[in-house]
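Structure first, then comments.
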Amino acid sequence: MRRSLAARLLASFVAIVAAVGALTFVLLDRTLGEDLTAELDARLRAQGDGVVRWIETAGHPERLATRLAAVVAARVTIVDRDGMVLGDSDRWADVGKPVGPAPEIDAARAGGIGRATRALTRGGPEVYLVAVPARDGRVVRLAVPTARVAATRRELRVQLLLATAGGMALALVLGLMVIRAITRPLADMTRAAARVTRGDYAIGPASARPDELGVLSRALVGLADEVGRQVAALTAERNLSLAVIGAMVEGVVVVDAGGARVLANPAAEALCGDDVPTELATHLARARAGEGSDGELALRDRAVMVSARPLPGGAGAVAVLHDVTRLRALERVRRDFLADAAHELRTPVTAIAGFAETLADDGLPAEARAEFVATIRRNALRLARVVSDLLELERLEARAEATAAPDAIELGPVVAAAARAAAAARPAAPAIEVAVPAGLAVRADRDGLDHVIQNLVDNAQLHGAPPVRVAATVDARRVRLTVHDAGPGIPAAHLGRIFDRFYRAEPGGRTGSGLGLAIARSHARAMGGELSVASAPGAGTTFTLELDRA
């Protein structure tokens with residue numbers, strides 16, 4: 001468990017005080033116990049000497065033992081040289097009987113002072129015995145119950161415990177005051193240091209104390225001021241650099257000496273993600289080795305020009321990424337468009353030029369001249385349709401980023417109008433089946449919606465086979481309009497390019513500019529929707545228009 005310095009100091013102080021108090025208590029208890037025992041022994045010896053003097057001048061020891069016991073407040077036993085009890089203040093019945101095993105009496109009979117602590121009778125109380133030798137080999141033994149000494153020791157222990165507890169409490173109060181005086185400045189400096197780590201460097205004023213804590217406080221405040229100045233300068237420089245790098249259209253990636261990415265601006269993150277791609281790492285590795293590296297990469301399906309250079313001092317490398325995907329796409333579109341437009345325009349232009357040259361012959365019959373003029377007019381109209389469709393396609397792609405059309409258009413009347421127009425254009429064709437719920441509306445542009453649906457219905461009648469069915473379904477917030485025909489279907493080889501400009505799945509059997517489906521898809525996307533196709537040979541074709549539900 002994490003604890004503060006004050007808590008640790010207090011715990012240490014409490015432990016020291018408790019250890020010293022316990023040791024003092026044990027020593028005092030032992031010393032006072034020994035002193036009590038020594039005092040009792042000295043008293044019993046003195047009283048034993050007095051009893052010896054009495055029995056040497058008086059007779060009848062059996063009666064003298066009782067009287068002397070009352071004087072000395074102890075049990076008195078008088079034993080002759082043969083170990084027979086001459087008198088006992090507590091047990092008259094023992095007079096004339098042998099005293100039995102008594103090491104203290106043996107010690108006194110040998111000329112010394114005998115001492116022992118034991119019970120004189122089985123199950124009796126423990127007593128402290130002192131035996132003193134007398135004349136004619138007799139021995140006087142005094143006995144005092146040890147319970148008296150134990151009671152005195154218990155009383156002394158209680159007093160010692162109270163004194164020790166009071167002393168420890170006083171020591172703890174004084175110690176807490178001292179600890180607070182030491183730790184309060186340290187706590188203030190700790191909070192100040194924490195403010196510095198959070199970026200708050202204004203932690204002054206410093207303490208004016210003359211001791212070491214004051215010196216530490218002044219040093220901490222000075223350090224915080226200097227760190228604040230340095231951080232402010234570095235932050236301003238970093239912000240300027242990041243602002244410049246972040247505003248760059250080109251991606252910038254910086255790696256350290258080990259190849260780990262340390263910086264990437266938003267443009268680079270859009271191209272690389274959260275890591276350094278393997279293709280880019282190869283250029284950066286060459287740059288870290290001290291060589292410049294340039295090339296073109298494919299990152300996340302984007303064409304990217306990369307230029308990698310080493311950083312000074314071998315600190316790593318920096319790579320600048322330029323997204324050229326749009327440029328490459330524009331170049332490809334330009335080439336494809338020029339090729340497709342040239343191919344599409346070559347036929348009518350060639351026909352117009354050829355028939356116009358033939359018309360220059362004055363000998364041409366009138367019937368042939370009329371036919372040639374009709375052919376020239378037909379090819380001129382074809383050129384006009386191609387130019388008109390190209391202009392329409394360009395207008396739609398200019399607003400292809402629109403996400404929602406502003407109007408709510410009911411879908412049923414638009415489909416009905418397209419079906420009537422198709423029936424009028426081809427009276428012999430079977431009627432178109434329509435299954436659109438009444439009141440179903442989509443967010444769309446009316447002209448664009450008319451164009452898409454009419455184009456899909458015309459294509460189904462022209463290139464498919466009956467029955468042609470137009471149906472609408474609703475899925476949450478989207479409406480799906482499907483136009484299905486039972487024709488031969490579109491081969492898989494053509495299905496992926498069916499919406500390309502100038503592309504014809506049936507070059508020999510189709511009329512038109514080849515831009516109809518491309519214009520229809522552009523209309524759909526301009527209205528925030530999508531146009532897709534599903535087909536298989538022999539299974540018919542289904543075009544699906546998805547739009548937001550109004």
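So which residues in the stretch 527-541 are farther than 13 Å from VAL479 by Cα, in contact with an Asp or Glu (Cβ under 7 Å, 6 or more places away or on another chain) and not in a loop (DSSP other than H, G, I, E, B)?
THR541
Inside the stretch 470-497, can you point out the residues that are free of Cβ contacts under 8 Å to residues at least 60 places away in the same chain and buried (at least 18 other Cβ atoms within 10 Å of the Cβ)?
VAL470, HIS484, ASP485, GLY487, GLY489, ILE490
When you go through THR197, THR117, THR190, THR121 one by one, which is the residue that is out of contact with any strand residue (DSSP E or B) (no Cβ under 9 Å at 6 or more places or on another chain), assigned by TED's automatic domain parsing to the domain that holds ALA42, of a type in the set (Ser, Thr, Tyr) and surrounded by fewer than 17 Cβ atoms within 10 Å (Cβ to Cβ)?
That would be THR121, the only listed residue that is out of contact with any strand residue (DSSP E or B) (no Cβ under 9 Å at 6 or more places or on another chain), assigned by TED's automatic domain parsing to the domain that holds ALA42, of a type in the set (Ser, Thr, Tyr) and surrounded by fewer than 17 Cβ atoms within 10 Å (Cβ to Cβ).
I need a count of the residues in the stretch 23-44 that are out of contact with any helix residue (DSSP H, G or I) (no Cβ under 8 Å at 6 or more places or on another chain) and surrounded by fewer than 16 Cβ atoms within 10 Å (Cβ to Cβ).
The qualifying residues number 11.
Test LEU160 against the stated conditions and say whether it is on the phi < 0 side of the Ramachandran plot, touching a residue at least 40 places away in the same chain (Cβ under 8 Å) and surrounded by 12 or more Cβ atoms within 10 Å (Cβ to Cβ).
Here the answer is yes, as LEU160 does meet what is asked.
Quick check on the stretch 283-297. Is at least one of its residues in contact with a Ser or Thr (Cβ under 6 Å, 6 or more places away or on another chain), assigned to a strand (DSSP E or B) and either crowded, with 19+ Cβ neighbours inside 10 Å or not polar (S, T, N, Q) (or both)?
The answer is yes; a qualifying residue exists.
Can you tell me which residues in the stretch 124-154 are assigned to a helix (DSSP H, G or I) and either under 15 Å from LEU36 (Cβ atoms) or among the small types (Gly, Ala, Ser) (or both)?
GLY137, THR146, ALA147, ARG148, VAL149, ALA150, ALA151, THR152, ARG153, ARG154
Kindly indicate whether ASP35 is assigned to a helix (DSSP H, G or I) and at pLDDT below 80.
Criteria met by ASP35.
Could you figure out which of (1) at pLDDT 75 or above; (2) farther than 30 Å from ALA281 by Cα isn't true of LEU321?
So LEU321 meets the others, but not (2).
Scanning the stretch 72-96 for residues that are part of a helix (DSSP H, G or I) and touching a residue at least 24 places away in the same chain (Cβ under 8 Å), which turns out surrounded by the most Cβ atoms within 10 Å (Cβ to Cβ)?
By that ranking, first place goes to VAL72.
Output yes when any residue across the stretch 73-86 is of a type in the set (S, T, N, Q) and modelled with pLDDT of 80 or more, and no when none is.
yes
Regarding GLU410, is this residue farther than 24 Å from LEU515 by Cβ, surrounded by fewer than 20 Cβ atoms within 10 Å (Cβ to Cβ), within 54 Å of the chain's Cα centre (by Cα) and of a type in the set (D, E, K, R)?
So GLU410 fits the description; yes.
Consider the stretch 200-210. How many of its residues are over 25 Å from LEU234 (Cα atoms) and surrounded by 10 or more Cβ atoms within 10 Å (Cβ to Cβ)?
3
Take the stretch 159-185 and flag every residue that is among the β-branched types (Val, Ile, Thr) and under 21 Å from ASP29 (Cβ atoms).
Within the stretch 159-185, just THR164 meets the criteria.
Looking only at the stretch 87-119, which residues are in contact with a helix residue (DSSP H, G or I) (Cβ under 8 Å, 6 or more places away or on another chain) and of a type in the set (Val, Ile, Thr)?
VAL95, VAL99, ILE113, THR117
(1) over 21 Å from ALA444 (Cβ atoms); (2) modelled with pLDDT of 85 or more; (3) of a type outside the set (Val, Ile, Thr); (4) not in a loop (DSSP other than H, G, I, E, B): which one isn't true of HIS494, the others all being true?
For HIS494, the failing item is (2).
Restricting to the stretch 249-271, what's the tally of residues that are part of a loop (DSSP other than H, G, I, E, B) and acidic (Asp, Glu)?
Number of matching residues: 1.
The values are calculated or read from the model by the stated rules, or taken from the named source; none is laboratory data. Since we're looking at a predicted model, the values are computed, not measured. All Cβ positions, glycine included, derive from the backbone under ideal geometry; neighbour counts span all protein chains shown.
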